[in-house]
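One structure is given here, and the rest of the page talks about it.
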Amino acid sequence: PLPKERVMLVSPFDNGEAAARALTKIFMARLSPSAAEYLEGAAVRCAEKKFGKSFPQSDAEAHLLLELDGNDRTVLERDAEQVGEICLAEGARDVLLADDPQKVADIWQMRRGIGEAVKSVSVYKEEDTVVPRAKLPELVRVVREICAKHKLTAITYGHAGDGNLHVNLLKMELSDADWDGRLPGAITELFERVVAMGGAISGEHGIGWVQKHYMPIALSPVELALMKRLKHAFDPDGILNPGKVFPDE
């Protein structure tokens, strides 16, 4: 059965690393939100524009969107209060309770529509990074460093409760030549840093045709050879997705 009670909290931060750090502290306190999303302010503002709706304190650098559920209202309120205290201790501007059902629905609509909203801003390349949850603050910092180094714009958001952040690299006003020249180096560096943190080059989107060339960053030659042997066992004639699975095909 569905839980009887649900509470949504929105916590704006003026520092993205602080928001990510607060999330790790929430889980360290043995609190288990049913939803834990990290949203950069730029992502929120894209969604506001697309849907014509307002998000709480959308001028903040980052937000945590947290939902808790259960069957005991007293326990839920206690946990929500503890979550709020952790956010404030890590530098949150505020912790806002979304208690109006329509407002909750609007916030989730904007969250789910961020991907489409970003598409309306610019040509972009989305990377589906994932790291151990405790490494989220470092990942937020690394994305900022790589974008500064390669002179690229990024909008980041994702399922931070899983350590999964979607890094959208935007073309913006870059020429085709600049975009094509900067992108491969930035993505390679991003994946190398992610793997060094104990992460992987895809959290939920998978590898596929577009990402297969980056597989050697995360997988050893032995692992790739084993995968090829497994595929051959099921596909000895090479008729299933030929040329689309492995980096050297």
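FYI, it's all coordinate maths here, none of it is from the lab. Nothing here was measured: the structure is a model prediction, and the numbers come from that model. Positions of Cβ are backbone-derived with ideal geometry, glycine not excepted, and every protein chain shown enters the neighbour counts.
Under a Gaussian network description of the chain, with springs only between Cα atoms under 10 Å, the residue in Arg193, Arg78, Arg144 that fluctuates furthest is Arg78. Can you give me the Cα centroid spacing of region 189-229 and region 1-78 in angstrom? Answer, in whole Å: 30.
With a threshold of 26 Å on the Cα-Cα distance, the over-threshold entries among Lys103/Lys125; Lys171/Lys212; Lys49/Lys125; Lys50/Lys135 are Lys103/Lys125; Lys50/Lys135.
If you wrap the tightest convex hull around every Cα atom of region 1-75 and split its volume per residue, you get 104 Å³. Charge dipole (Cα centre; +1 on Lys/Arg Cβ, -1 on Asp/Glu Cβ; no other charges) of region 18-60 amounts to roughly 60 debye. Dipole of region 154-233 computed with +1 at Lys/Arg Cβ and -1 at Asp/Glu Cβ about the Cα centre; of Leu190, Trp209, Leu224, farthest Cα towards the positive end is Leu224. Shown in residue order for region 3-13 are the 3J(HN,Hα) couplings computed by the Karplus curve 6.51 cos²θ - 1.76 cosθ + 1.60 at θ = phi - 60°: x, 7, 10, 8, 10, 10, 10, 10, 10, x, 10 Hz (x for Gly and Pro).
Would you mind classifying the chain by shape? Square roots of the alpha carbon gyration tensor eigenvalues, ordered a ≥ b ≥ c; an a/c under 1.5 is rounded, otherwise it is prolate if a/b is larger than b/c and oblate if not. Judged from the Cα gyration tensor, the chain comes out prolate (a/c at least 1.5, a/b above b/c). Which residue, Leu68, Leu224, Leu39, tops the fluctuation ranking in a GNM of the chain built on C-alpha contacts under 10 Å? So, out of Leu68, Leu224, Leu39, the one fluctuating most is Leu224.
The GNM of the chain, with springs linking C-alpha atoms under 10 angstrom apart, assigns the highest mean-square fluctuation among Gly113, Gly208, Gly163 to Gly208. Here region 129-249 was treated as a single set of alpha-carbon atoms; its pair distances binned every 10 Å from 0 give 12, 38, 31, 16, 3 percent.
When +1 charges are put on Lys and Arg Cβ atoms and -1 charges on Asp and Glu Cβ atoms, the dipole computed for the chain relative to its Cα centre reaches about 260 debye. In the chain, a dipole from Cβ-located charges (positive for Lys and Arg, negative for Asp and Glu) runs towards its positive end, and of Leu65, Asn241, His166 it is Asn241 whose Cα lies farthest in that direction.
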